[in-house]
Structure formats: structure tokens, C-alpha cells
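See below for the structure under consideration.
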Amino acid sequence: MEPSRTRAEPVPLPLRESLRLLVSLPALNEEATVAAVIRGVPSQILGVGSIEVLVIDDGSSDHTSERAVEAGAKVIRHPVPRGVGAAFHSALAYGIDRGADLIVSIDADGQFDGADIPALIAPVLEGRADFTTASRFKDPALVPEMPWVKRWGNRIMSRLISRLAGERFYDVSCGMRCYGRRAALQLHLLARFTYTQEVLLNLAFKQLRIVEVPLRVRGEREHGESRVAASLWRYGLRTAQIIFRSYRDYRPMRLFGGIALALLLPAFGLAAFLMVHYARTGELSPHKWAGFGAIALTALALLMLQTGIIGDMLNRHRIYLEELLFRQRSEMHRGRDAE
């Protein structure tokens with residue numbers, strides 16, 4: 001059984017002049033839209049003292065960095081493309097190092113409206129959420145125009161993540177999100193290709209409060225094609241790998257215990273078939289194969305169960321280490337607040 005986590009009590013962020021908001025934009029060859037997106041970020045938001053815009057240029061071959069600097073953003077540039085997940089890692093590390101109280105991620109392709117940022121961060125400021133994500137599908141009136149295959153894929157992915165996380169989510173792939181201080185300090189991600197689904201699982205498994213904020217989002221890019229979902233088959237495969245690894249790491253007994261049970265059921269069936277045959281004929285032939293099959297499946301089931309037990313032990317160590325890291329980050333954060 002996994003160590004239990006207690007859901008955090010609602011605590012609103014203090015409305016103070018020093019409250020820091022970081023708005024991060026992952027960008028790859030977005031020179032046509034990045035400046036407009038940056039200028040669309042509000043310069044003032046009630047309850048927020050300072051707003052900084054950060055562009056993570058993920059190895060662009062165009063003038064994305066130059067356009068971002070001209071629009072007033074700070075730029076971190078990757079020498080080569082590493083993926084949107086790696087870009088988010090850079091933004092998260094930057095925000096934590098500089099003591100950001102809120103970290104908003106918004107795509108640089110113009111699909112999101114910066115004017116919606118106040119609505120996105122409101123549940124965190126009010127203490128109703130640790131993490132918010134824009135939702136394109138929670139409100140039927142706001143569902144954007146997009147190819148049916150993408151809408152179907154989003155629906156299937158949302159149902160899968162909801163089932164694994166034990167919470168109902170309508171949109172698990174939207175790139176417009178807000179991370180409160182507690183959520184940002186507790187995030188520990190590994191994926192580099194993408195990160196949206198892994199974040200939801202990571203925070204849900206840690207019992208942090210997640211709120212979906214229905215917002216109107218453009219369904220298709222104005223320029224170019226998606227860097228992540230250009231190939232739906234590749235996107236689906238890579239995302240499935242990320243989801244599997246997250247569930248394996250945080251719910252090992254459920255995963256491997258379920259596999260063990262799935263192997264034991266046919267093993268018992270084969271054993272029962274052989275016993276009935278022996279009771280009727282007094283011989284094991286010609287169905288000795290059923291006995292060998294039952295033994296093999298039982299051995300595999302025991303191996304899966306042992307793997308689950310080892311994984312559960314490793315998960316406990318991971319939880320303890322993450323808690324220590326969270327406390328260390330929190331102490332560093334409080335030190336910056338006191339300066």
C-alpha cells in the first residue's frame with residue numbers, strides 16, 4: 001500500500017505588493033506570434049506585485065529570441081531543440097530559483113489569450129487550488145473548432161488520466177496553466193517530450209488541489225503546425241509511455257498487483273480444467289500442457305507481485321526524498337521572502 005498523503009487545507013495567498021508572477025512561454029520557431037503573445041500579458045493584476053515574462057527558446061532556427069527580447073521578455077535559449085517538456089523544466093527551475101509565487105505557462109503560438117491570466121490564477125490566489133489548468137472542454141459552450149480526431153484523442157486521454165488519478169478531468173492536454181507555490185515546489189518531472197499529463201498525475205497522486213478553469217481557446221494554430229502533436233500516432237505513443245511510467249512509479253502495487261491477478265485467473269482456470277479432466281479419466285494426458293501452463297502463469301504472477309512489492313518500497317523512499325526536497329525548497333523560498 002502506498003504511503004498516504006493529506007490534501008492541503010485551503011490557504012489563500014497573501015495579497016501583497018511583493019507577490020511574484022512568472023509567465024513562461026515555451027517557443028520553437030514562433031517569431032510570427034511570440035511578440036504579440038508577450039504584449040498580451042497583462043502588465044497589472046489585482047493581488048500581484050510583479051509580473052515577469054520568460055521565453056524558453058527551445059533551439060529555434062528563426063528570430064524567436066530577438067522578437068521576444070524586443071517585446072520585453074527575458075529569454076533562456078536551448079542550443080538545440082529538447083522538447084516542450086524540457087522547456088517547462090527550464091521555466092520551472094527559473095521560477096523556483098527566483099522565488100516566484102505563481103508560475104503561469106502559456107504557449108507562444110497565439111492560441112491562448114493573455115487577458116485570461118487573471119481568471120486562471122484566481123483560484124490559486126483565493127486559496128481554492130494549488131494548480132489550475134485552462135479547460136477547452138469543461139464548458140460545452142467554449143469547445144473550440146478542431147479536427148474530430150484531435151477532439152476524440154483529447155477525450156480518450158482525459159478519461160484515462162481521470163481513471164488513473166481518481167479525479168474527473170475534462171482537458172488534460174491544455175498548455176495554459178498556473179502553478180501555485182506549493183505545486184511548483186512539489187513538482188518532480190522526468191519527461192522531456194511533453195509534460196501536461198505527467199503534471200496532472202504527479203500533483204493528483206500528491207493530493208494537491210486541482211481546478212479546471214473553462215476558457216475560450218483557439219482550436220488550431222494561426223501559423224505552422226503543432227511541435228508536439230504534429231504526428232498524432234507519435235504523440236500518442238510518447239504520451240502513453242510517460243503515463244505508464246508515472247503510474248508505475250506512484251502506484252506500483254496497483255499496476256503489478258493487477259498484472260499478477262490477470263495472470264492468476266487463467267492459471268486457476270487451467271488448473272481447474274486439468275483437475276476436472278483427471279477426476280473424470282484418472283489421467284493427466286493428453287492435457288499435461290494445462291498443468292505446465294498453470295505453473296508458468298503462477299510463476300509469472302508471483303514475479304509481478306514481487307516486482308510490485310519492490311516498487312512499493314522504492315516509492316516510499318521517493319516520497320520521503322520528495323518531501324525533504326519540498327521542505328528544503330520551501331525554506332529557501334521563505335528566505336527570499338524575508339530579504
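The values are calculated or read from the model by the stated rules, or taken from the named source; none is laboratory data. Just so it is clear, the model here is predicted, and its values are computed rather than measured. Quick reminder, even Gly has a Cβ in these numbers, built from the backbone with ideal geometry, and neighbours come from all protein chains shown. Protein only, heavy atoms only, side chains kept; ligands, DNA and RNA dropped before computing areas. Shrake-Rupley method; radii C 1.70, N 1.55, O 1.52, S 1.80 Å.
Measuring with a 1.4 angstrom probe and ignoring ligands and nucleic acids, residue 206 comes out at about 10 Å² accessible.
Report the calculated FRET efficiency for residue 62 and residue 93 (r = Cβ-Cβ distance, R0 = 30 Å), to the nearest 0.05. So, using R0 = 30 Å, E works out to roughly 0.75.
Among 253-260, 99-106, 182-189, 309-316, sorting by the average number of other beta carbon atoms lying within 10 angstrom of each residue, highest first, gives 99-106, 182-189, 253-260, 309-316.
Which shape class applies to region 112-214: rounded if a/c is under 1.5, otherwise prolate when a/b exceeds b/c and oblate if not, where a ≥ b ≥ c are the square roots of the Cα gyration tensor eigenvalues? Before the final figure, lay out each step's value.
Working: a/c = 1.68, a/b = 1.18, b/c = 1.42.
Oblate shape, in that a/c is at least 1.5 and b/c is the bigger or equal ratio.
The residues of the chain expose, per residue, 50 Å² of accessible area to a 1.4 Å probe.
If the cut-off is 30 Å between C-alpha atoms, which lysines fall inside it for residue 138, apart from same-chain ones fewer than 8 positions away? Counting by Cα, and skipping residues close in sequence, residue 138 has these lysines nearby: 150, 206.
Quote the relative contact order of the chain in percent (integer), defining contacts as alpha-carbon pairs under 8 Å separated by 6+ residues.
Working: 575 pairs, mean separation 61.4, N = 339.
Relative contact order, the chain: 18 percent.
Could you give the angle, 0 to 90 degrees to the nearest 10, between helix 252-281's Cα long axis and the longest principal axis of the Cα atoms of the chain? So the inclination is approximately 20 degrees. Selection among 253, 330, 40 by position relative to the dipole of the chain gives 253 as farthest towards the positive end (Cβ unit charges, Cα centre). Note on the chain: antiparallel DSSP beta bridges, both residues inside, total approximately 25 percent of the bridges counted.
Of interest is the spacing of the C-alpha centroids, which for region 296-318 and region 233-289 amounts to 14 Å. The portion of the accessible surface of the chain made up by carbon and sulfur, rounded to a whole percent, is 59 (1.4 Å probe; DNA, RNA and ligands excluded). A Förster distance of 56 Å, applied to the separation of the beta-carbon atoms of residue 275 and residue 141, puts the FRET efficiency at 0.40.
Place the peptides 25-33, 293-301 in order of packing, highest mean first, counting for every residue the other Cβ atoms within 10 Å and averaging per peptide.
Numbers: 25-33: 24.0, 293-301: 16.8.
Sorting 25-33, 293-301 by mean packing, highest first, produces 25-33, 293-301.
A Förster radius of 35 Å, combined with the Cβ-Cβ distance separating residue 240 from residue 69, puts the computed FRET efficiency at roughly 0.40.
Report summary: the helix-based calculation at 222 nm, which adds -39500 (n - 2.57) for every DSSP H run with n ≥ 4 and divides by the residues of the chain, gives -17000 deg cm²/dmol. If the chain linking residue 268 and residue 155 were pulled fully straight, counting 0.36 nm for each residue of separation and taking away their Cα-Cα distance, it would gain 37.0 nm. Each peptide in 65-74, 48-57 receives the mean, over its residues, of other Cβ atoms within 10 Å, and ordering these scores from highest gives 48-57, 65-74.
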